[in-house]
């Protein structure tokens, strides 16, 4: 589906974040104790996707010096990362990617990948708020996708990043995002503008980035500890 590699994804995060993309071998590697129970009864496609994600997560953690261990699930169904680590996993067709970092440097991470395509109007209205549509009208057009589709991916990444501090699952329309695009219109940044149900999210310090390739929309979100660490980025000339 895509030629996106780990170096491309890494440019959406600070250097201290480890990135691993599932290889064919990772999809076939066995799961560790307790992980199989999390997908008991799932169809073959879902089991393969899950295995790729968990084994990619272990590869990302290995690069940080963590020993292999099961990655189970928190109450909110998000992966339970080992003590001392934070991370996120995304699946999009045959593209499965995991990111991880030390919790001494980051509060949380979020990553999302979606197909690069335009969103149907009815679905866009379920994802975006009126103020976001007004905002999109002020942004440059991007070939092959629209801002609603980018917002969908960005909100997925942001919600993963913020899941540790949420008491309830947010609806897409609960949060309003604002975007900035690079001169090349293929990458940029985003931030939370408002969240009526959870005002604390407006000051959570979340940093968001997005990029569009020929086949995919990729979004990252992260909250740093202490001094804000910015990513190398893919968007020279962001405005």
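All but one of (1) in contact with a helix residue (DSSP H, G or I) (Cβ under 7 Å, 6 or more places away or on another chain); (2) outside the structural domain of residue 44 (by TED's automatic domain parsing); (3) without any contact (Cβ under 8 Å) to a residue 40 or more places away in the chain; (4) outside any helix (DSSP H, G or I) hold for residue 139; state the number of the condition that does not hold.
(3)
Conditions tested, residue by residue: (1) over 13 Å from the mean Cα position of the chain (by Cα); (2) free of Cβ contacts under 8 Å to residues at least 40 places away in the same chain; (3) within 20 Å of residue 113 (Cβ to Cβ).
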position: 153; (1), (2), (3): no, no, yes
position: 156; (1), (2), (3): no, no, yes
position: 159; (1), (2), (3): no, no, yes
position: 163; (1), (2), (3): no, no, yes
position: 171; (1), (2), (3): yes, yes, no
position: 175; (1), (2), (3): yes, yes, yes
position: 180; (1), (2), (3): yes, no, no
position: 183; (1), (2), (3): yes, no, no
position: 187; (1), (2), (3): yes, no, yes
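Is there any pair linking a residue in the stretch 19-35 that is closer than 25 Å to residue 5 by Cβ to one that is in a loop (DSSP other than H, G, I, E, B) and modelled with pLDDT under 95, with Cβ under 7 Å and at least six apart or on different chains, and which?
21/5
The values are calculated or read from the model by the stated rules, or taken from the named source; none is laboratory data. Note that the structure is predicted; figures quoted are calculated from it, not measured. Here Cβ is always computed from backbone atoms with ideal geometry, including for glycine, and neighbour counts include all displayed protein chains.
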